[in-house]
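The values are calculated or read from the model by the stated rules, or taken from the named source; none is laboratory data. None of the values given here were measured: they were computed from a predicted structure. Note that each Cβ is placed from the backbone with ideal geometry, even for glycine, and that neighbours are counted across all protein chains shown. Protein only, heavy atoms only, side chains kept; ligands, DNA and RNA dropped before computing areas. Shrake-Rupley method; radii C 1.70, N 1.55, O 1.52, S 1.80 Å.
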Amino acid sequence: MRRQFKGIAVFLILVLTVGSSAFGIQRRAARWSVVEGYGGAASPLGTYDNIAGIPFVDQLDQPIEVDAEDVYDPGYYFGFNIGQMRNGHLLMNLGFRYTKANLDDGLEFSVDRPKIGLYDLELNLNWNFIDLQYSPWTPYVGLGFHGGLVRQNYRDFADEYETTMDLGLNFGADVKVWTSSDSRSFVTLSSTNSWTFLASDERPRSLNIGGGLKYFFKL
């Protein structure tokens, strides 16, 4: 757990340092404000030793780990971000994401079956390989941080909340679908994919495949 949080803390420091430095490289470089909305499907990954704070044990009452497909069914996510793209390549944004995690139907609970939702602040640092100001499309790759609350909702008991964090690899592409007549704004259709490779213990990990729209404009 401590190693996971250290890794996430290092990422945040790098984002703030690299982002601030890169954003100040060229004051005359093209600067685009960006608003994004997106959504998609979340496929569970990894192994788990508990669910909703209840440990998994074998017939001898020994702790065990269970594969993701035996704990979670595919869920979904959606969110929105605001940010800036500098120098035609570096996109840094901040926003909110909600993720619905669906428990596998085969799981049995002695009490209420919880419903699980994740409410996160999101921070992304992505690199566009091609400058969209001069190209109709570009692939991108980057890192994304999520930090917030996992809510376990019970029918007959009070809701429970856990503070969680994760770190993931962002990847996808942007394709222009509209450009204004004065070329000071444009819209892209975006694939918004990510793979969670580091997460706190209480948090479901997933491969996220989705899409959305980004609106780029100059003030």
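Counting residues in segment 164-177 that are touching a Ser or Thr at 6+ places or on another chain (Cβ under 9 Å) and not in a strand (DSSP E or B) gives zero. Return yes when residue 76 is open to solvent by 50 Å² or more (accessible area, probe 1.4 Å), closer than 19 Å to residue 164 by Cα and not acidic (Asp, Glu) and no when it is not. Taking the combined requirement at face value, the residue satisfies it. The residue that is modelled with the highest pLDDT, among those in segment 96-130 that are charged (D, E, K, R) and not in a strand (DSSP E or B), is 104. Any residue at all in segment 54-65 that is crowded, with 16+ Cβ neighbours inside 10 Å and touching a residue at least 12 places away in the same chain (Cβ under 8 Å)? No - not one qualifying residue is present in segment 54-65. Residue-level check: of (1) open to solvent by 20 Å² or more (accessible area, probe 1.4 Å); (2) under 30 Å from residue 150 (Cα atoms); (3) assigned to a loop (DSSP other than H, G, I, E, B), residue 181 misses just (2). Taking every residue in segment 124-139 that is among the hydroxyl-bearing types (Ser, Thr, Tyr) and pairing it with any residue that is open to solvent by less than 40 Å² (accessible area, probe 1.4 Å) and not in a loop (DSSP other than H, G, I, E, B), at least 6 positions away or on another chain, the pairs with Cβ-Cβ distances below 8 Å are 138/128; 138/173; 138/174.
If you check 129, 197, 109, 96 for being in contact with a Pro (Cβ under 9 Å, 6 or more places away or on another chain), surrounded by fewer than 20 Cβ atoms within 10 Å (Cβ to Cβ) and of a type in the set (A, V, I, L, M, F, W, C), only one passes: 129.
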